[in-house]
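Beneath this line is the structure, given in structure tokens, with notes to follow.
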Amino acid sequence: MHGNRNANLGVIVTASLAGLLFGFDTVVISGVVGSIRSVFEIEQGSFWDGFAVAVGLVGTFLGALFAGKPGDRYGSRDSLKVVGAMYVVSAIGCAACWSFGSFCAFRFLGGVAIGASSVLAPVYISEIAPAQDRGRLTGLFQFNIVLGIVLAYLSNAFVAMTMNGADPWRTKLGVAALPALLFFAMMYTIPQSPRWLAQRGRHDEARASLARVGVADADAMLREFAAAADAARHHSAQALFVAAYRKPIVLAILIAAFNQLSGINAILYYLKDIFAAAGFSGLSNDWQQVAVGAANLVATIVALAVIDRVGRKKLLLIGSVGTALALAAVAAIMGTGQGRGYLLAMLVTFIAFFAFSQGAVIWVYLSEIFPTAVRSRGQALGSATHWGMNALIGQAFPMVALHTTALPFAFFAACMVLQFFVVLAVFPETRGVELEKMDRALESKPATG
């Protein structure tokens with residue numbers, strides 16, 4: 001989409017704030033895992049210990065799986081308003097919970113919001129962003145996820161410092177209501193997606209929306225939308241699971257599965273436990289989490305600066321090598337008990353390579369590879385795969401780590417080696433391709449970058 005970059009940047013930044021809530025809500029749990037164990041008398045390494053984290057991820061899986069339909073029906077923007085309200089209710093509910101069951105119910109609701117925003121916000125942004133900047137602008141969503149993660153770690157550390165020995169777990173969870181309220185209010189300041197409006201036949205509204213985001217020749221853009229919509233209808237009506245969409249479906253499932261098989265979220269959720277297992281404790285543990293989050297943020301900024309120049313595929317290949325080596329080193333440290341002083345450095349290296357590659361690429365790639373007619377549902381499939389794997393790994397990690405802290409990291413390292421060869425063999429480059437022409441890019445033989 002060609003137009004005034006400044007006009008639509010504000011709209012895109014606003015929508016991408018969904019990522020900040022996503023990041024904050026996802027890892028704020030890391031600061032209260034120990035408190036949840038003691039308050040509700042849950043044994044470390046038990047099923048319920050993992051479930052306290054995994055219940056949110058089950059919600060996220062379902063939110064991602066089912067957000068596509070309301071996204072297609074009511075538009076991403078209006079659906080995101082509902083998501084904002086869910087974030088607010090979840091944060092307040094978790095802070096005020098009266099039992100383990102009520103805590104899990106509100107974490108589940110927050111999970112549904114995270115999953116839905118992981119589908120709806122990137123779709124909205126990709127439909128507004130110009131093709132030449134789409135990677136960078138859709139990547140703002142990932143930047144805000146990472147910013148939310150850093151803010152959650154900082155918030156946890158700051159709250160712990162200011163509470164003078166009392167257990168501040170309710171405060172840590174309740175803080176998330178503040179950015180949620182801001183996001184909910186800001187959703188009323190942005191236009192509906194012009195691509196979505198045009199596909200609904202609401203051409204006057206689409207024209208007005210294009211003007212809002214600074215597109216100079218709205219009629220030419222509407223003709224392009226119409227041609228793409230006709231092609232999508234010709235390509236097997238509106239069904240997602242048909243032969244015409246086999247390639248993007250396979251790519252979506254692969255990139256989402258490998259994202260979680262890196263171990264990224266298990267590491268973020270259980271960072272306190274990982275450092276504790278290596279002999280670190282207390283406040284130093286809190287600030288080490290902040291250091292990991294900061295590395296994540298810096299690497300994401302670098303990746304977003306180059307994603308539209310270097311391309312998605314090269315970033316994935318570089319990241320596969322770096323994450324595999326760093327994870328192998330963590331496995332060796334945990335397995336031998338030697339070199340524990342290097343643990344933080346190796347985790348920071350892993351996070352940096354992950355953020356530079358998979359972290360920056362996944363939401364961009366998922367939002368690009370499906371045609372407009374099924375884009376929300378295609379993104380939902382990729383997101384649901386991502387969160388389903390996340391729930392399984394989040395549940396299993398503390399149960400396995402209780403017996404062997406090295407094995408999970410060795411497994412994650414092996415998965416990253418496999419990712420390298422899969423990306424090399426089957427992933428096409430999508431950099432700079434108009435969404436309306438993406439099907440041709442997917443049909444061509446994958447290039448190496």
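So the values come out like this:
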quantity	calculated
Around residue 72: net Lys/Arg minus Asp/Glu count, Cβ-Cβ under 9 Å	+4
Relative contact order (%) - the chain, alpha-carbon pairs under 8 angstrom, separation at least six	26
Förster-model FRET efficiency, 30 Å R0, residue 163 and residue 99, C-beta, rounded to 0.05	0.85
Structure-based [θ]222 nm, the chain - -39500 (n - 2.57) summed over DSSP H runs of at least 4, per residue, nearest 500	-25500 deg cm²/dmol
Rounded to the nearest 20 debye, dipole of the chain from Cβ charges on Lys, Arg, Asp, Glu	560
The stretch 26-165 - Kirkwood radius from inverse mean 1/r over Cα pairs (Å)	16.4
Point-charge dipole on Cβ atoms (K/R +1, D/E -1) for the stretch 41-124, about Cα centre, debye to 20	440
Value of relative contact order over the stretch 124-280, rounded to a whole percent, pairs C-alpha under 8 Å and six or more apart	14
Accessible surface of the stretch 279-352 [probe 1.4 Å, protein heavy atoms]: carbon and sulfur percent	71
Separation of the residue 223 and residue 247 label points, Cα + 7 Å toward Cβ, nm	2.7
Of 153, 414, 250, farthest towards positive along the dipole that unit charges on Lys, Arg, Asp, Glu beta carbons give the chain	250
24 Å Cα-Cα threshold exceeded, pairs from 81/247; 81/272; 69/247	81/247; 81/272
In Å², nearest 10: area of residue 429 left accessible to a 1.4 Å probe	30
Which labelled figure in (i) 40, 32, 19; (ii) 36, 25, 18; (iii) 43, 22, 22 is semi-axes √(5λ) of the Cα gyration tensor in Å, once derived from the coordinates	(ii)
For the chain, with +1 on Lys and Arg beta carbons and -1 on Asp and Glu, the positive-most of 122, 432, 67 along the dipole	432
Within a Gaussian network of the chain (alpha carbon springs, distance under 10 Å), most fluctuating of 95, 180, 276	276
For residue 273, solvent-accessible area (1.4 Å; no DNA, RNA or ligand), Å²	40
Sites residue 342 and residue 414 - FRET efficiency at Förster radius 22 Å, r taken between beta-carbons, to 0.05	0.60
Label point at residue 48 placed 7 Å out along Cα→Cβ; residues across the stretch 366-403 whose backbone nitrogen lies under 18 Å	395-396, 398-399
Helix axis angle, 406-426 relative to the chain longest principal axis, alpha carbon, degrees	20
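The values are calculated or read from the model by the stated rules, or taken from the named source; none is laboratory data. None of these values were measured; they are calculated from a predicted model. Reconstructed Cβ throughout: ideal geometry from the backbone, glycine too, with neighbour counts over all protein chains shown. Surface areas here come from the heavy atoms of the whole protein model, side chains and all, with no ligands, DNA or RNA. Shrake-Rupley method; radii C 1.70, N 1.55, O 1.52, S 1.80 Å.
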